[in-house]
Every structure is written in structure tokens, then in C-alpha cells.
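Accompanying notes for the structure given below.
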Amino acid sequence: MTPSFVACRARIGRSALGCLLVASITAAFAAPAPAQTEDAATPTPLALSEIAEQAEAADETIRAVRQQLQPDPKITAIESVLPEQLPRIDELLAELREVGDEGAAPGRLEELDREFRVQSNALGERRGLIADRLEDLEESLTSIAQLRGVWAATRTQATRDGAPASIRETLDAMVTTLLATEREVANRRSLLLVVQNQIAQQSSRIADATERIAARRTALRGRVFQRDGPPLWSAFQRAMESAETPLGPARAALATDAKAFREYVGRQPDRLLVHGAVLLALLVLTLWMWRHRAAWLGENEELEASRTVLDHPVASAVLVALILTPVVHPLAPPVIEDLAGLGLVIPVVTLLPRMVSRALHPAVYGLAGFYLVDQLRGFVDPGTALARSVFAIETAAAAGVLVWMTRPARLTGLPTGVRLPKSLGLALRAGLALLVVALGANIVGFVSLGYVAGEGTLNSAYIALVLFGGFRASQAIMRVLLRTRALRQLRMVRTHPALILRRGSWLLGVAALGAWAYLSATTFQVRDFIETRVSAAAGASVRFGEYEISLGDVIAFGLTIFAAFVLARIIRFVLDEDVLPRIALPRGVGHAVSASARYLVLLFGFVLALAAGGLDLNRFTILAGAFGVGIGFGLQNVVNNFVSGLILLFERPVQVGDAVEVKGAFGEVKRIGIRSSTVRTFQGAEVIVPNANLISEEVVNWTLSDQLRRLEIRVGVEYGTDPKRVLALLEEVAKANPDVKTYPPPLALFLGFGDSSLDFELRAWTGRFETYLKVQSDVTIAINDALAAADITVPFPQRDLYLKSVPDAAARGQRPTERGPDDG
């Protein structure tokens, strides 16, 4: 740390980053240091004339360093909390050893793994704070050591030169102060190094524990298809002979959950407050919707699909809020998720029967009941006869419900002609098969296999039911909100409500499907297996010389590009529909802004995709420069069209909506893309025009500056008509048409004497270019009516035919005798 850096933080209270920037700029503009030699490490003493001034700067630096030594609340909290965290880690490690010795259900391993992740995250945050403080102390220690060396050398030089006693005393005091400050910083650094070492040791223990948990899970998966217990009848017989009661383990499990809940509440009160705020906001929203439901349902028939949510506001709000529990509490103990699951039972049985067909009502009520039984059974050791008996009854009942539902005779609750979806029928049959397997495995002694198949099926079905309810409730809330007056102030909501609802529903559906797949993999205890296999597949790579590309890099590149395109479309949609129309901009500027924003987002997304794909951007710039020349020659036309597109975008000689003539194509510009533009002719054909043609060739733009179009109507009247009368009549007819501009005023011209008529031309302007043909037709009809009313005739073309007699010889086919001009 340089003295200027320390002084900056002490003097003006800047952040470390700001002062580092100041120090860097100062060093950049400072005089260049001489080349380092062997004596460069020897401090250069100060001149006697500089001692007073440099003493003030050194005092300021010392004050800044000592200010850093003041107790930091965050570091103090770490030092006080860390001793309390260590016993908890020891306790978790002891539980893990017991699990390793006795064997445990996978659910307990999941709880321990989550607890270790919570502790690891807490240690990681504290390790980062300690590292930052140690970095500051190291910089301060270096700065103080350098200052002490300079002042010690100055003291030696002053003693050698016989400086006044007062100056030597000042130098002695400064060296003593610097030495004491250096010792204080070193002591503080030593204490933090001890704390950092403790955190590193605990992090290593946690990492080792997570590896052991992963190994234990792998071993359990390997023993799923092995018999790990006596047959159910033998286990029940032994339990009858034993005097053990399940109440003891149940009390212990309840006490463990209560302790975990209290610890989480004390450790994460802010997350509970956030969750409460979310629930309160949803309650306010749904109650407000419930209050206005009568008016909305009467005005919009489309909202009839949201009636269930509108009629049950509290249940809908609780359902959506509790579904968000894993999002708000990502590392909460399992008891938090269990409480959320129990809280979801009431909204599920309230809303879901009204959202599904009557034939599916038994599944809804059955799954809710099975989940309650499952939670109660969780307080008992899963290997005991009591737990296995309850589980057998549970799986048998669930299988019976599925058999009852899948019988064709039981589907009469559906409306006539309506059948369950094929996917749902297949899911019901697959669930029935898994429940039968679970029941049989549990009875004959394959306890782990029975629990995996049975609990996985029931929990997965319950999760699907809850997520389906949350999806329908969220969709209903979205549908109602899009009809509210507040949101309809947005132009895009007024114009495209169905599109927004469709896209929003798609996103909700994808999120629900992804959550179901993740949670189902967890309930079937295959999530770790899938993650390991996916990670291994993503790590598969191919090497091209010095470059290595993995499947994961390709997937990351593709997903980033996809996200960039989606984000670019959303931004352009919002700009085109709601932002730019509210701003008074010249014609074409809005399109240029939205297109530029789209291109920038795509460019930024492409750069991020390269980084996400693992490509070194420095090497990419070198490769881009190397291939730039070759690409420029090979794709010359493409590059030319691309640059022309940018010119069209910013110079705007042609804009979307213009009527243009280019290479015989006369129509409206519908799109200006990166490489080409689309012109839709007035006959209906779409012509793809390269952008370079719109720049380098002659283009007639009829609407570049305005929408004016001149009408030219030729009229011929019979000879003998007063031309002044005709001119006045034509101008009056043009002025009477509301689509004809008053300025420039209509103008009638007498063109001349035709073969059969007096020729006139009416010239008038209209501001409606898109309908100028209709306006011209209307004016022409009005002229015809006006001429007829004024008894002015529009003549037909006339030809005079002169007949000359032919001699009889010519009539008989004989050549007449030639005669001279004087012959009669």
C-alpha cells in the first residue's frame, strides 16, 4: 500500500477502490523510476529541508493506518461467532460418524449435507471478509515498513552530518512511532491469520464431510436392490416380542427439528421477514382482486377461467407464497420445507378440486392425505416394523386409488366425449407399477427399494399437484392483472395482452416443469447420480492444438446466445411498444434506437457467450484479427450488406414504412435487417433487396420527407367549350374533396388543342400516400359528375374519312394509263 493510498482513505474517506484508482493515476503520471539495481532496496534519506513537510505526511499516514486498526463490527462479529460455530460443526461431524456406523435413511444424509452447506457458506463469507482485511493490513504493513526505512536512513544521515538536536529528536520520535505502528499492524495481522487458519481448517473438515456423505449416498444407491431387512411379518413379530416403544425416537426427532428451526430463525431472520412480506403482498393483491371480482367477471368472459382464484384469495396467496419457499430459503433445514409442505395441504384441497375434473378428485384428496401420513411417519425410525407397516398400508391404499381411477368405468365423471390426456394415463399406470413394486419390496425385506419407489412416487405426485396448482393460480393472477386499469396504461398491455399472457404462461410452465424434475430426482434419490453423469458428460472435451473445447462449453455458449436473443427481443418489444412511442422523435429514429439496442445486446451476449464457452478473449481478438482479412475477402458481399445496413439504420435514407422504387419493385419497406431489407409490393409480392443495393444504386423514395403525393388527372372537352369555365370547375371539384390538400392549392392547366378535344390537366396534392389511388379515383368521378352537370361534353376521338372515286380500269384490275399533269 502506498502512502498516498493510505492518506487518501484517512483524509477524504474514500472507498478502497476509489483510493486505489487515485493512487494508480498518481503513479501513472509520476516520473518513471530508474532502473532497479542492487542498491535500489536501500532507502534514500530525506533532505533536511524536507523533514518538516514529510513529517506531516508521515503523521497522516500513521493516523490512517491506526484508524484501520480500530475494531471493525464485521470482523468483531466473526471473532465472536466463530467459537460458537465450531461446536456445531463438531456436532454435525459426530452425527455423520454415527450415520456411517449405524446406517441411515437417505433423508438424514440429505439433512446433514444441507447443514454442512449452510456452515460452509457461512465460513466462505467470513473467509472473504478476513482475506480483504488481511490484504489491507499487508499493504499498510508494507507502507509503514518503507516509511520506517526512509526515516531510519534519514536519522542515520542526520547524525552523521551533525544535524541540530531538535531535528534528531524529531527523527527519533518518528522512527519510534513508525516501529510501534508496524508492530501493532503485525500483531493485528497475526490475530487475523489465526482466525483465517481456523476457518480454513473447518472448511477442510466440511469438505471432507461432504465427500463422505457423497460416498455414503453412492453406497446406499448400490444397496437399493439388496435385501436390507427381515420380511415384514418377521419384523412385526420381533416388534411384538420387544418392549421398545416408538415414542422415544419420535420425541428425539421432534426435538431435533425444533432445535433446527430455532437455529435457523436466529440465523436467518431477514429471510423469514422477506417471506412474510411476500405472503402479505400476495394477500393484499388477491383480496383486492376478490373485492372486484363481480365487476371483472361480468365485463370479461375470458376471466371465467380465473374464478377459482378470485373466489379463494387467501388459499391462492398462501399456495403461491409457500411454493416460493425453496427460492427464499435455499439452504434452510428440512423442517422448514416440511412445514411449508404441511401448510400447502389446505390450499391444495381447497383449490385443486375446483381446477381439475371430478374424476381426479380422489387423487387430489388421496395425495394430500398420504403426504400427512408420510410426515407423521417421518418421526419414527424407518426400519422399525411400525414404520414399515404404516408405509405398506399407505402404498396399498395409494395403489388401490390408482386402480380405481384407471378403470374405464370410473371415468364417467368426465364430460361426454372427453378423455384424460395420454400422458396422464401413462403417468398413472407408471405410478401404479412403482407402488406395487414398493409394496412388494417392503413386505419381503427390500426396505430401501420399497422406500425409494414408494416415497419417490407419492412425493413426486404431490409435488406435481402443488406445482400445477401454483401454475394455475399464478396464471389466473396474471390474467386478471393484465385487465387492470393500472397495467393497461402500458401500450404493450393494451395491444398485446394475449401475447404477454401466452409468453408468461410458457415461462411459468417451464419453471414448474424444471422444479418438478429437480425435486422428483431428489425424492427418487438419483439427483446426485444425474448431476455426476451430467458433469462428467459436460467435461468431455476435444482438443484442437492448443485449444480445448468441452461439451459444457458448447452448451454454455448456446444457452448464452439463446438468452441474448430472448433478452434482445424483450428489450426491442418494450422499446417499440411502450417507450419510444411516448417520446417525440423524428421519423425513423425510434426504429434506429430499438434496432441499435437489439444489436448491442446481441453483441454483448456474443462476448459473454465466448467467455462462458471458456474461450480466452485475448486469444479471440488475435484470431479475429488473423481471420479478419480472409473473412473480409471471402464474405465481401455479406460485409458490404452489413455495413450498408448500418448506414441505412443511422443515416436513414430509407426507413421502415417508406414507399420506394428499386430495380422495378414498387412497394413499402417492411423490414431493414442486418443483411437485407424486405419490400412488399402493392401487388402483394415480397422482394428481398440486399442492403448494398439501397445504398449504391438509385432508389426512388416517395415518402422520405412526407406523405404527399401529387394527383394528375387529364380531361378533354369538346371544341367550343369556354376554357376558363373548365379550369374553374376542375379546381372547385378538387377543393371539395376533403383528402385533397389546400396547400399547395389545386391547379388546373390548359394543355393545348388535341386532335378531338381541348386538353386540360388537374394537379392536386393529397397527404394520404397509402390511399392516393382511391383519392384520385374519387376526384375523377367528381369531375365526371361536374362536367355532366355543367352540360360539358367529353368528346370521342374523331376522324374525317374522304372517299375518292377510282376509274373503271382500276376497278377491273387493269393498270390505268399514265397521264401527265396537264391531262384532263
Q: Extending each Cα 7 Å along its Cβ direction at residue 361 and residue 562, get the distance between those two points in nm, one decimal.
A: 4.1 nm
Q) Tell me, what % of the accessible area of the stretch 320-377 is carbon and sulfur with a 1.4 angstrom probe? A) 71 percent
Q | Heavy-atom surface of the stretch 301-349, accessible at 1.4 Å and reported per residue (Å²) | A | 39 Å²
Q: Counting residues in the stretch 648-739 as N, plug N into 2.2 N^0.38 Å and put the Cα Rg over that result.
A: 1.58
Q: Can you check what the net charge comes to around residue 790, using other residues whose Cβ is under 12 Å from the Cβ of residue 790 (Lys, Arg +1; Asp, Glu -1)?
A: -3
Q. How would 284, 150 rank on accessible area, largest to smallest, probe 1.4 Å?
A. 284, 150
Q) In debye to the nearest 20, how big a dipole does the stretch 72-207 give about its Cα centre with +1 on each Lys and Arg Cβ and -1 on each Asp and Glu Cβ? A) 720 debye
Q: Could I have the simple spin-label model distance between residue 42 and residue 172, label points 7 Å from Cα toward Cβ, reported in nm to one decimal?
A: 2.6 nm
Q | Whole-number accessible area per residue in Å² for the stretch 141-264, which is evaluated in the context of all protein chains at 1.4 Å | A | 59 Å²
Q. Taking a quarter of the surface of the Cα convex hull of the stretch 738-788, what do you get in nm²?
A. 4.2 nm²
Q.
Give the residue list of GluC sites (Glu not before Pro) in the stretch 700-778 that are DSSP loop and have at most 15 other beta-carbon atoms within 10 angstrom.
A. 718
Q. Residues in the stretch 730-760 near a label at residue 714, defined as backbone nitrogen under 17 Å from the 7 Å Cα→Cβ point?
A. 748-760
Q | Percentage, to the nearest whole number, of Cα pairs in the stretch 479-610 over 19 Å apart | A | 69 percent
Q | Separation in nanometres of the label points that stand 7 Å from Cα toward Cβ, at residue 98 and residue 221 | A | 2.7 nm
Q) Rolling a 1.4 angstrom probe over the protein heavy atoms, how many square angstrom per residue are accessible across the stretch 513-571? A) 67 Å²
Q. For residue 287 and residue 495, FRET efficiency with R0 = 25 Å and r from the beta-carbon atoms, rounded to 0.05?
A. 0.25
Q. Cross-link partners among lysines for residue 735, C-alpha distance below 19 Å, same-chain residues fewer than 8 apart left out?
A. 724, 774
Q) Counting only the backbone N, which residues of the stretch 364-399 are under 16 Å from the spot 7 Å out from the Cα of residue 233 toward its beta-carbon? A) 389
Q | Förster radius 41 Å - calculated FRET efficiency between residue 252 and residue 76, Cβ distance, rounded to 0.05 | A | 0.65
Q. Extension gain residue 214-residue 688, at 0.36 nm per residue separation less the Cα-Cα distance, in nm?
A. 164.7 nm
Q: Report the trypsin sites (Lys or Arg not before Pro) located in the stretch 521-617 that are in a DSSP loop and have at most 16 other Cβ atoms inside 10 Å of their Cβ, or state none.
A: 587
Q: Any chance you could run the full-extension gain for residue 516 through residue 56? It's 0.36 nm times the residue separation minus the Cα-Cα distance, nm to one decimal.
A: 158.9 nm
**Q.** Probe 1.4 Å, all protein chains present, accessible-area order of 289, 478, largest first
**A.** 478, 289
Q. At a probe radius of 1.4 Å, what is the per-residue accessible area of residue 474, in Å² to the nearest 10?
A. 30 Å²
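Can you tell me the length gained on complete extension of the stretch residue 280 to residue 666, counting 0.36 nm per residue apart and subtracting the Cα distance?
My answer for the length gained is 133.0 nm.
The values are calculated or read from the model by the stated rules, or taken from the named source; none is laboratory data. As the structure is a prediction and not an experimental result, all values here were calculated from the model. Neighbour counts run over all protein chains shown; Cβ positions are idealised from the backbone, glycine included. Side chains are part of the model used for accessible areas, which takes the heavy atoms of the whole protein and leaves out ligands, DNA and RNA. Shrake-Rupley method; radii C 1.70, N 1.55, O 1.52, S 1.80 Å.
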